[in-house]
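The values are calculated or read from the model by the stated rules, or taken from the named source; none is laboratory data. All of these numbers come straight from a predicted model, not from anything done at the bench. Don't worry about glycine lacking a Cβ; one is built from the backbone with ideal geometry, like all the others, and counts go over all protein chains shown. When the accessible area is computed, the model is the full protein with side chains, heavy atoms only, and any ligands, DNA or RNA have been set aside. Shrake-Rupley method; radii C 1.70, N 1.55, O 1.52, S 1.80 Å.
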Amino acid sequence: MWRRLCSALRRLRGSPAAVFAGGGRLPAAMERAVVRCVPSEPKLSLRFVLPDGSARHMQRDQAEPLGRALARIATNAAKGHGKTGKKNKKARAEDGPSGEAAAVTLAVRLFSCDGEEIAEEMPNSAAWQDGTVLQIGEVQYRVERNPPALTELQLPRSLLAGFPVCPKVSAEFAAPQHCLFRWYREQRPAAGGEAAASGDGPTWVEMSAERVFTPSNALVGLRLKLQCTPGDGAQRYGLPREVESSGPVEAGPGACTFDSRHLYTKKVCGEGSVRTVSYNILADTYAQTEFSRTVLYPYCAPYALELDYRQNLLKKELSGYSADLICLQEVDKSVFVDSLAPALDAFGLEGLFKIKEKQHEGLATFYRRDKFSLLTQHDIAFSEALLSDPLQKELCDKLAKYPVVQEKVLQRSSVLQVSVLQSTTDPSRKICVANTHLYWHPKGGNIRLIQIAVALSHIRHIACDLYPSVPVIFCGDFNSIPSSGTYSFISSGGIDEDHEDWVSNGEEERCNMPLSHPFKLISACGEPAYTNYVGGFHGCLDYIFIDKNALDVEQVIPLPSHEEVTTHQALPSVSHPSDHIALICDLKWK
């Protein structure tokens, strides 16, 4: 990063076309000195380029008096000046018989914005302010304190025509929404034209100035380039950085299962409504196994199981829903950090992540920034909560009577993500958003009952004790069909001790206990024929449960038709990125 900065500073020295700093252009004669000073760190850094072209990077204590830092700069500058003198034969001859260069002393001072010399007793942290002027001999440097700077700029490895390209942008003293973006495409060689001369790079043609760029079919076969200039929203811009795609744009798959659903979700819904999505997106850690390729999804083209390909589809699908809340399950940590969070951030969504214990995947909740702000988070791991949370003591004591089942419950890595959000336009409106993924085994109904009991007890504490009467939206992959004990317990408020799911895995794992919860929850999307469709199974496993006393369902976005789902036999496929189908509904406060 520093080498690139120095190179850019050298190119800009003396140029009247220097990039913005502090909202204006620097005078042609003014050099740059970049100061990074963060209160949480004991030292500040100072970077500048001496007249001889050598770069200097200094670390100084923030509490140190300015005079000591200036003295050190003077020493460095004198050394650089001396080296320059030694290279001059005439000057060396004038030095005398010893051949040594005469000692050089350069005056080094720091001036305030109004031209007053800053006292040497002032601590570094207070002295080096934005717009101050450092003078080394006759050379002046405009100080830029904490200018916007890019720390990371990446493009996805896979680019598909018709699918949004969302760069990963990390910055310091800047925010992606305030950065400037310029997209370029390669110039396609003229038919029959001669190849470019050896060593010549491609010619780039500017295409767009948006943060997200969707390449058209006309760009298939061409690479893309992005130039990003970091900005802080206060008309300060840092040095730009460029990144080129590793490969060309490729043809997309054509029609996808979610295209017809996007017709219902072209716009973000109104202020009093909340569009909610729940979706198990199929973790890469499960899709990229030999078992998945040969047993679970043998009908799916291998390339369509690749992470980069599926991420293209997923980002287009999710962005096209214009959602206010998105609850995702089976989210790889790397996918959240490197792909989904940057992509959905570009569409106005803030993301939260909860990883499963001892796993590489977990849960993600996204909320629309201009509709909601995050008040609090209350995430738990079920096994840990059972052992240590006083709220779960009664259930834990009951479970202790069934040690075989207790051990199986405690071995599970399942987690619950709970976020309390507040409306940005009406602070009196708050909402409790829960997200989970319950134990998967077909014979694990008893385990799921214990997990959902822990979840509802935890949510009750938040929605009844911490935030009385706050509406609840509970999303997830519950791995439970509508006739299951888990679904019955959630929707009816209780379950009897003799329910058949207590012996779902045989008499040796029997555990009989009555359970209850205080909520009035309904499935906002009803009971679809299936939300999971694979070669050997299809059924409804996913739900968006809502507090029917506080929320109404405005509309449910239709699921893809059976013909769309089975076009390529089952899911996932070249036109659908997961083995599950997203649930989408518009909710409204009563």
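Overview of values
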| item | result |
| --- | --- |
| Strands (runs of 3 or more DSSP E) lying entirely in the stretch 187-306 (those with 1 or more residues that are touching a strand residue (DSSP E or B) at 6+ places or on another chain (Cβ under 8 Å) and of a type in the set (S, T, N, Q)) | 204-208, 224-229, 273-280 |
| Top-ranked residue of the stretch 414-434 - restricted to ones that are in contact with a Lys or Arg (Cβ under 9 Å, 6 or more places away or on another chain) and assigned to a loop (DSSP other than H, G, I, E, B), ranked as farthest from D379 (Cα to Cα) | T425 |
| Residue pairs meeting the criteria (Cβ under 6 Å; at least 6 apart or on separate chains; first charged (D, E, K, R), in the stretch 348-368; second surrounded by fewer than 21 Cβ atoms within 10 Å (Cβ to Cβ) and in a loop (DSSP other than H, G, I, E, B)) | E350/R369; K354/D379; K356/S413; E357/S413; K358/S413; R368/G348 |
| Filter result (touching a residue at least 24 places away in the same chain (Cβ under 8 Å), farther than 23 Å from I473 by Cα, of a type in the set (S, T, N, Q) and open to solvent by 10 Å² or more (accessible area, probe 1.4 Å)) within the stretch 283-328 | T285, Q311 |
| Conditions (1) out of contact with any His (no Cβ under 8 Å at 6 or more places or on another chain); (2) open to solvent by 30 Å² or more (accessible area, probe 1.4 Å); (3) under 24 Å from T365 (Cβ atoms): number failed by R275 | (2) |
| Contacts under 6 angstrom Cβ, first residue in the stretch 479-505 being assigned by the TED database to the domain that holds D547, partner open to solvent by less than 20 Å² (accessible area, probe 1.4 Å) and β-branched (V, I, T), 6 or more apart | S480/T486; G485/I495; T486/I452; F489/I495 |
| In the stretch 455-481, the residues that are in a loop (DSSP other than H, G, I, E, B), under 25 Å from G526 (Cβ atoms) and open to solvent by 40 Å² or more (accessible area, probe 1.4 Å) | I481 |
| Given (1) within 27 Å of the chain's Cα centre (by Cα); (2) in contact (Cβ under 8 Å) with a residue 60 or more places away in the chain, number of the condition G444 does not satisfy | (1) |
| Residues satisfying the stated conditions in the stretch 482-512, i.e. buried (at least 19 other Cβ atoms within 10 Å of the Cβ) and among the aliphatic types (A, V, I, L, M) | I490, I495 |
| Per-region count, the stretch 128-154, residues surrounded by 20 or more Cβ atoms within 10 Å (Cβ to Cβ), within 27 Å of the chain's Cα centre (by Cα) and assigned to a loop (DSSP other than H, G, I, E, B) | 2 |
| Test result for Q227, at pLDDT below 95 and either surrounded by fewer than 19 Cβ atoms within 10 Å (Cβ to Cβ) or within 15 Å of P164 (Cα to Cα) (or both) | no |
| Test: residue in the stretch 187-203 that is modelled with pLDDT of 95 or more and surrounded by 14 or more Cβ atoms within 10 Å (Cβ to Cβ) | no |
| Residue that is nearest to the chain's Cα centre (by Cα) [pool: residues in the stretch 523-556 that are open to solvent by 50 Å² or more (accessible area, probe 1.4 Å) and closer than 27 Å to W440 by Cβ] | V556 |
| Segments classed as strands (runs of 3 or more DSSP E), wholly inside the stretch 532-590, with at least 2 members that are over 30 Å from P427 (Cα atoms) | 532-534, 537-539 |
| Elements of type helices (runs of 4 or more DSSP H) contained in the stretch 336-413, each with 2 or more residues being on the phi > 0 side of the Ramachandran plot and surrounded by 15 or more Cβ atoms within 10 Å (Cβ to Cβ) | none |
| Enumeration of residues in the stretch 328-341 that are over 19 Å from P560 (Cα atoms) and among the hydrophobic types (A, V, I, L, M, F, W, C) | V331, V335, F336, V337, L340, A341 |
| Candidate set: the stretch 557-567, residues that are surrounded by fewer than 18 Cβ atoms within 10 Å (Cβ to Cβ) and not acidic (D, E); chosen: the one nearest to the chain's Cα centre (by Cα) | P558 |
